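The values are calculated or read from the model by the stated rules, or taken from the named source; none is laboratory data. Note that the structure is a prediction, hence the values are computed from the model and not measured. Neighbour counts run over all protein chains shown; Cβ positions are idealised from the backbone, glycine included.
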Amino acid sequence: MARIGGFADDDIVGWLGLSPTLGGALGNYADAVYTKSRLDPRTRELARMVIAGHNECAVCRNTRAQASGLDEEFYLHVDDWATWPGYSDGERVAAEFAHRFATDHIGLREDDEYWERCRAALSDELVVDLAVSCALWLGQGRALRVLDVGQACRLSI
C-alpha cells in the first residue's frame, strides 16, 4: 500500500507529480543514465540489478532491458555475480562496485586492491558513468520502496 497519495500498485510515475520540478529532473536524470551512458548494456544491467537486490525494490527487480544478449538466465544469476561464469571480469568489477556502493561505500573507497582490478577492467570515464548510474538506482529505488509506490510495475528499458 502506497505510503503517500492513493497511487495504484502499478503507478510508477504518478507520485513524481507531487513534486513536478524535482520529478521532472529525476526523469531527465534517469533518461540520461539509460540513453547516454557509455557502459555496455550487460555491465549496466548487472550493476543495476545488484542495486535492485539491495533496495528490495520490486519495480527494479522486475524491470528488463531490451538489449541483445540479456535473457532470463542473465538475470537469474545476479545474486551469484562473483562466481557465475556467464559474467565477464569487467561485469564482475562493476557488480562489485554496485554491491559495495550500496553496502560499504567507505570500504570501497579505501580498497586499493579493488581499484587495481577496476582500472584493469574499466576506464575512468566508465567508472564515472557507473558511479552516477548507481547513485540514481540506489536513490530512486529506495524512494520507490520506502514510499511503497509502483511495486507491481514491470518495465522494459
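Suppose we filter region 86-142 for residues that are in contact (Cβ under 8 Å) with a residue 40 or more places away in the chain and acidic (Asp, Glu); how many remain?
Selection size over region 86-142: 3.
Regarding region 128-137, can at least one residue be identified that is at pLDDT 95 or above and over 13 Å from the mean Cα position of the chain (by Cα)?
The answer is yes; a qualifying residue exists.
Has region 52-59 got any residue that is in contact with a strand residue (DSSP E or B) (Cβ under 6 Å, 6 or more places away or on another chain), at pLDDT below 95 and in a loop (DSSP other than H, G, I, E, B)?
Looking through region 52-59, none of the residues is in contact with a strand residue (DSSP E or B) (Cβ under 6 Å, 6 or more places away or on another chain), at pLDDT below 95 and in a loop (DSSP other than H, G, I, E, B).
Scan region 68-84 for residues that are farther than 16 Å from ALA47 by Cβ and either of a type in the set (Gly, Ala, Ser) or in a helix (DSSP H, G or I) (or both) and jot them down.
Result: SER68, GLU72, GLU73, LEU76.
So, in region 53-88, of the ones that are touching a helix residue (DSSP H, G or I) at 6+ places or on another chain (Cβ under 8 Å) and of a type in the set (Phe, Trp, Tyr), which residue ends up surrounded by the fewest Cβ atoms within 10 Å (Cβ to Cβ)?
Ranking the candidates gives TYR75 first.
Output the number of residues of region 1-13 satisfying the condition of being closer than 28 Å to LEU70 by Cβ and either surrounded by 14 or more Cβ atoms within 10 Å (Cβ to Cβ) or among the acidic types (Asp, Glu) (or both).
Residues meeting the conditions: 4.
Do you know which residues across region 128-150 are surrounded by 20 or more Cβ atoms within 10 Å (Cβ to Cβ) and outside any helix (DSSP H, G or I)?
Answer for region 128-150, where residues must be surrounded by 20 or more Cβ atoms within 10 Å (Cβ to Cβ) and outside any helix (DSSP H, G or I): VAL149, GLY150.
Provide a single number: the residues in region 85-125 that are in a helix (DSSP H, G or I) and either among the small types (Gly, Ala, Ser) or under 15 Å from the mean Cα position of the chain (by Cα) (or both). Steps first, answer last, please.
From region 85-125, those in a helix (DSSP H, G or I) are 89-103, 105-110, 112-121, 124-125; that's our starting set.
So of that shortlist, the ones also either among the small types (Gly, Ala, Ser) or under 15 Å from the mean Cα position of the chain (by Cα) (or both) come out as 90-103, 107, 120-121.
Residues that pass the stated criteria total 17.
Can you report the number of residues in region 1-50 which are under 15 Å from the mean Cα position of the chain (by Cα), assigned to a loop (DSSP other than H, G, I, E, B) and touching a residue at least 40 places away in the same chain (Cβ under 8 Å)?
Residues in region 1-50 being under 15 Å from the mean Cα position of the chain (by Cα), assigned to a loop (DSSP other than H, G, I, E, B) and touching a residue at least 40 places away in the same chain (Cβ under 8 Å): 3 in total.
Which one of GLU91, GLU96 is touching a Ser or Thr at 6+ places or on another chain (Cβ under 8 Å), of a type in the set (Asp, Glu), surrounded by 17 or more Cβ atoms within 10 Å (Cβ to Cβ) and over 24 Å from VAL149 (Cβ atoms)? I'd like the intermediate steps shown before the answer.
Numbers: GLU96 fails: touching a Ser or Thr at 6+ places or on another chain (Cβ under 8 Å).
After ruling out the rest, the residue left standing is GLU91.
Could you list, in sequence order, all residues of region 28-48 that are of a type outside the set (Gly, Ala, Ser) and either under 13 Å from GLN140 (Cα atoms) or surrounded by fewer than 14 Cβ atoms within 10 Å (Cβ to Cβ) (or both)?
Scanning region 28-48 gives ASN28, TYR29, ASP31, VAL33, THR35, LYS36, ARG38, ARG48.
How many residues, within region 116-127, are in contact with a Lys or Arg (Cβ under 9 Å, 6 or more places away or on another chain) and exposed (fewer than 15 other Cβ atoms within 10 Å of the Cβ)?
2
Test LEU70 against the stated conditions and say whether it is of a type in the set (A, V, I, L, M), in contact with a strand residue (DSSP E or B) (Cβ under 9 Å, 6 or more places away or on another chain) and without any contact (Cβ under 8 Å) to a residue 60 or more places away in the chain.
Considered against the rule, which asks whether it is of a type in the set (A, V, I, L, M), in contact with a strand residue (DSSP E or B) (Cβ under 9 Å, 6 or more places away or on another chain) and without any contact (Cβ under 8 Å) to a residue 60 or more places away in the chain, LEU70 comes out as yes.
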